[in-house]
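Taking it in order: structure first as structure tokens, then the write-up.
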Amino acid sequence: MILRRLLCASIVAVAGCRASAQTTGQSPKWRVVADVRLPGKAARFDYQSFDSAAGRLWIAHMGAGEVLGFDVRTRRVVARVPDMPAVTGVRVVPALERVFASLGRGHEVAVLDSRDGRVLARVPSGHFPDGLAYAPGAKKLFVSDEYGRQELVIDVLLSRARPPIALDGEVGNTQYDPVRARIWIAVQTRNELVAIDPITDSIVQRVPVPSIERPHGFYLDSDHRLAYVTGEAGGRVGVLGLETGKITHTYRVGDEPDVLALDPGRRRLFVACESGVINAFDAQGDSLVPLPSYRTPHAHSVAVDPTTHLVYVPLENVGGSPVLRILQIE
């Protein structure tokens with residue numbers, strides 16, 4: 001991300017501000033369910049990863065150099081992993097009882113035990129490892145090396161790096177499509193999404209997204225064969241048909257959209273932006289219906305519990321402390 005380049009080397013806390021809900025109609029409305037104080041210094045957060053079966057949310061506290069394991073049932077931190085310099089991406093794989101964390105400043109991927117957060121391995125990984133996706137059939141982890149202009153590949157059984165895949169552009173997020181068994185990657189400086197066969201580690205498709213400027217964050221709705229792709233330069237989200245390779249609609253979101261989350265039961269999409277806006281949409285077919293947005297400083301990471309439908313937004317500074325804000329839109 002554009003802003004991440006400025007923040008990854010030296011991240012400072014800023015004064016917390018009270019949040020406000022910005023609504024565009026009478027209903028639905030955002031409600032703050034709880035603000036849970038988190039450990040560590042008031043500093044930037046990044047990606048999150050939900051283990052709904054275990055009721056645990058894994059959070060990259062980038063500016064504090066920590067990974068946090070948060071129990072959503074008891075609403076407390078149950079794992080705190082230090083020495084994670086500039087941690088950006090985090091991905092839990094329940095079947096392996098593993099959490100993978102990409103360490104931008106450490107130039108490596110950390111392998112954690114998802115039961116207690118113990119560090120099991122550290123794998124050297126490129127220039128700036130960021131987004132993570134796991135391909136279960138290949139038993140490989142794929143990692144976007146944002147500034148290395150390549151996709152990193154890790155054999156998870158051996159905790160060993162394999163030869164990277166050159167992408168000829170600055171790399172955004174990485175997602176796995178379980179329907180077609182493909183890894184998808186946003187190549188932001190080429191305005192395209194790239195599909196990789198995780199068995200052969202080869203590029204099998206390049207899909208231009210001309211109406212999305214600098215695609216970085218995206219979310220795969222594999223069951224409905226759609227991808228929601230955001231452009232960090234243009235402040236838009238587009239709906240891409242995975243089978244057609246065409247964008248059917250685009251919608252305005254906040255400036256510098258970053259992290260996306262989907263509530264599959266309610267078919268609601270959330271787009272969190274660096275500008276402190278969370279845009280919400282009802283997904284209807286290949287269209288999105290805008291819902292009220294939510295505004296609060298530094299709300300650029302979002303996760304949703306598919307069981308309770310609660311929305312989780314880590315905020316770097318609320319009254320001088322980092323806070324996990326739990327929200328509901330009703």
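Bear in mind these aren't lab numbers, they're just calculated from the coordinates by the rules spelled out. All values reported here derive from a predicted model rather than from experimental measurement. Virtual Cβ from ideal backbone geometry, glycine too; neighbours counted across all protein chains shown.
A few remarks follow.
- Charged-residue dipole, Cβ positions (Lys, Arg, Asp, Glu), the chain about Cα centre, Debye nearest 20: 620 debye
- Shape call, segment 185-301: gyration tensor on alpha carbons, a/c limit 1.5: prolate
- Ordered by the count of other Cβ atoms within 10 Å of each Cβ, fewest first, Trp58, Trp30 give Trp30, Trp58.
- Most to least packed among 120-131, 225-236 [average Cβ atoms within 10 Å]: 225-236, 120-131
- Note that segment 262-278 has calculated 3J(HN,Hα) couplings of 10, 8, x, x, 8, 6, 10, 9, 10, 10, 9, 10, 4, 6, x, 10, 10 Hz, one per residue in order, obtained from phi through the Karplus relation 6.51 cos²θ - 1.76 cosθ + 1.60 (θ = phi - 60°); glycine and proline are x.
- In the chain, a dipole from Cβ-located charges (positive for Lys and Arg, negative for Asp and Glu) runs towards its positive end, and of Gly172, Ala283, Ala79 it is Ala79 whose Cα lies farthest in that direction.
- Relative contact order of segment 219-330: 16 percent, from C-alpha pairs under 8 Å at least 6 residues apart in sequence.
- Residue-count net charge about Gly241 - beta-carbon cut-off 11 Å; Lys, Arg +1, Asp, Glu -1: -1
- Ser275 long-range amide H proximity, modeled H, under 5 Å: Asp255
- Inter-label distance for Ser287 and Glu213, nm, one decimal - labels placed 7 Å from Cα along Cα-to-Cβ: 2.7 nm
- Per-residue 3J(HN,Hα) values for segment 64-75, derived from phi via the Karplus relation 6.51 cos²θ - 1.76 cosθ + 1.60 with θ = phi - 60°, read 8, x, 9, 10, 10, x, 10, 7, 6, 7, 8, 6 Hz in sequence order (x marks Gly and Pro).
- Residue-count net charge about His224 - beta-carbon cut-off 10 Å; Lys, Arg +1, Asp, Glu -1: -1
- Computed over neighbours whose Cβ is under 11 Å from that of Asp51, the net charge equals +1, Lys and Arg +1, Asp and Glu -1.
- For the peptides 146-154, 77-85, the ranking by packing is 146-154, 77-85, with the highest mean count of neighbouring Cβ atoms within 10 Å listed first.
- In this simple spin-label approximation, Val179 and Ala166 carry label points 7 Å from Cα along the Cα→Cβ vector, and these lie 3.3 nm apart.
- Mean residue ellipticity at 222 nm, helices only, the chain: -500 deg cm²/dmol; runs of at least 4 DSSP H residues each add -39,500 (n - 2.57), and the sum is divided by the number of residues.
- In a reduced charge model with +1 at each Lys and Arg Cβ and -1 at each Asp and Glu Cβ, segment 44-168 shows a dipole moment near 360 debye about its Cα centre.
- Relative exposure of Val109, Val32, judged by other C-beta atoms within 10 Å (fewest first): Val32, Val109
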